[in-house]
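The numbers here are math on the coordinates, done by the rules we state, and not lab data. Just so we're clear, the structure is a prediction, and the values are computed from it rather than from any experiment. Glycine also receives a Cβ, built like all others from the backbone with ideal geometry; neighbour counts cover every protein chain displayed.
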Ligand code: F6R
């Protein structure tokens, strides 16, 4: 691997903390980590070539290895990396599954890797999802035998499921298991549901290489990206070996590395609560994090923490740095107190030295970016309402049409409404013919997509009118990266970035609000944020931008941790109800949406519970008792 892991011990050992049992390397982003892994694979392939040997690779599918494959393809195309001596064995395949289905792992591997490199097709092995049930047992035995005949796997690439599965070895799998068919865990199926457009379309079974088969590999690299993996990564690296978390079996493999990004590693004790592990550098963020943690641990408010609480919980160095618990407590209390404001656009004619926003100019131009056409009201409906009420010029930019998230049942309902109004409208009749309610996992025709987009546009306008924004301040950007008609989006292009730049440049806002949510199950929020960051980079030298502050709200799935918050906006019980009503205008997303993720609550329930939870946390820390709080983190660009 590259120079990055000099800080770490070699694979087979692990960090010198009491907690970790698997070697791991943390990268600031998944791209860097993936490139590093692709380099390791390429080096291995080349080493084998010089020795005139075959290189036997075990490969995984899913979102985690995509960038590794893209990098290998790039190395083949630009640097001449040859795959002539490569033999591959894929970990798994859904069962039953047709090879040509866009959901098959056969399709995935060809789409991302095999179609673009010079591998001999005979060297590719992927479990066959069409094997008749009665032949399956023997087929699985033969799959393991074939790996053995090649002398075993030189390198096994893995992802990890939130159940702790590797391959599809779900909880309960035996440490010595071989290739076999398995019933998928409910959590695995619900994680796969977005790409199948509904859990009911996800196969219930799969063929998977066993734990025993995987562990025989000479080298194992497991990839995990994103906040959604943080909890299972902690359990796997720090927990006891248990069949309940099959990935823990890797603890006794002597050449395994986990490659993580910041988000996936954030629950590891060494990173989450470093003061429990050893000496740490107490910067402002770590101080806040530690004190909030200490309050939660001791069940005390900030001003009640004592020297003993700090000393007994690994924070004595902080205490000696800051003087006394009394000084520290007051410092932290004031810091949190100053994040609270009922004036998100700044309070006119008030001293703003300890407020989150400037008071000038009194009337600000505000641009709220909303990845989908409902994130604005779900994540910051109360703040949005205050900004309008307090006289700011508020613009909303809906980044994507959101058409993919409208079910065919919903689309048909609207099309039939139009039809009932005008039975002679041939156009509408043709749309109705094209909406296939029995097959959600189908690529929508352009007309159906347009209809679904219009549904979401009209719902959005109903909500923004309700909050009091004039229609001309509501902008539908319809970013092209989203318009594929399927769950899989195109990569962002210069066109997407230009559209986002243009709206910023036209409005010249004093405030931008954007979704800083990186845990969106279908990734659109992250891509939308990337377009904004790219636009800010381009525009930052313009004079008006020096007066533009960027605030990140979090999307529908998570909230900022208390120590990350720079501004919270309180809501009264009446404002909570108003926000709920605004969310209700997004009817196509009510009562069970298509991309529900693992949280079955409706969006308005999630939003209310989340805002209430933030308020409760503030109150428990000793601050005022509000009905609800919406939280924001300032982004410095
Ligand atoms: C896929 C596989 C699975 C995935 C795991 C994580 O071949 O074996 O174990 O690696 O479900 O999937 P992603 O990477 O999509 O989070």
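To the nearest whole percent, what portion of all C-alpha pairs in the chain is separated by more than 37 angstrom? Value for the chain (Cα pairs over 37 Å): 43 percent.
Between residue 51 and residue 538, what is the FRET efficiency for a Förster distance of 56 Å, r being their Cβ-Cβ separation, to the nearest 0.05?
On the way: r = 49 Å, r/R0 = 0.87.
FRET efficiency, residue 51 to residue 538: 0.70.
Across the stretch 455-491, the residues whose backbone nitrogen lies under 20 Å from the label position 7 Å along the beta-carbon direction of residue 432 are 455.
Take every DSSP beta bridge whose two residues both sit in the chain; close to 30 percent of them are antiparallel.
A simple spin-label model places the labels of residue 612 and residue 506 4.0 nm from each other, with each point 7 Å out along Cα-to-Cβ. Using a Förster radius of 41 Å, what is the FRET efficiency between residue 28 and residue 546 based on their Cβ-Cβ separation? Nearest 0.05, please. With R0 = 41 Å, the Cβ-Cβ based efficiency is 0.90. As a calculated quantity, the FRET efficiency between residue 281 and residue 566 at R0 = 35 Å, using C-beta atoms, amounts to about 0.95. Taking label points 7 Å from Cα along the Cα-to-Cβ direction, residue 110 and residue 350 give a separation of 6.3 nm. Remark: the residue 601-residue 316 segment gains 98.4 nm on full extension, using 0.36 nm per residue and subtracting the alpha carbon distance. The length gained on full extension between residue 590 and residue 446, counted as 0.36 nm times the residue separation minus their Cα-Cα distance, comes to 49.4 nm. Between residue 577 and residue 419, the simple spin-label model (points 7 angstrom out along Cα→Cβ) gives 4.0 nm. Based on Cα atoms of the stretch 310-432, Rg over Rh with Rh as the Kirkwood radius reads 1.29. Estimated from helices alone, the mean residue ellipticity of the chain at 222 nm is -12500 deg cm²/dmol (sum of -39500 (n - 2.57) over DSSP H runs with n ≥ 4, per residue). For the stretch 458-579, the Kirkwood estimate of the hydrodynamic radius, built from every pair of different alpha carbons, is 16.5 Å.
What is the extension gain from residue 176 to residue 134, computed as 0.36 nm multiplied by their sequence separation minus the C-alpha to C-alpha distance, in nm to one decimal?
Values: separation 42, 0.36 × 42 = 15.12 nm, distance 2.33 nm.
Separation in residues times 0.36 nm, less the Cα-Cα distance, equals 12.8 nm.
Percent of C-alpha pairs per 10 Å bin in the stretch 81-203, short distances first: 11, 41, 38, 10, 0.
Over 15 Å apart: what share of the alpha carbon pairs of the stretch 223-276 falls there, rounded to a whole percent?
Working: 675 of 1431 pairs.
It works out to 47 percent of all Cα pairs.
All C-alpha pair distances within the stretch 129-168, sorted into 5 Å bins from zero, spread as 6, 18, 16, 19, 23, 16, 2 percent across the bins. Computed on the chain, with alpha-carbon pairs under 8 angstrom and 6+ residues apart, the relative contact order is 12 percent.
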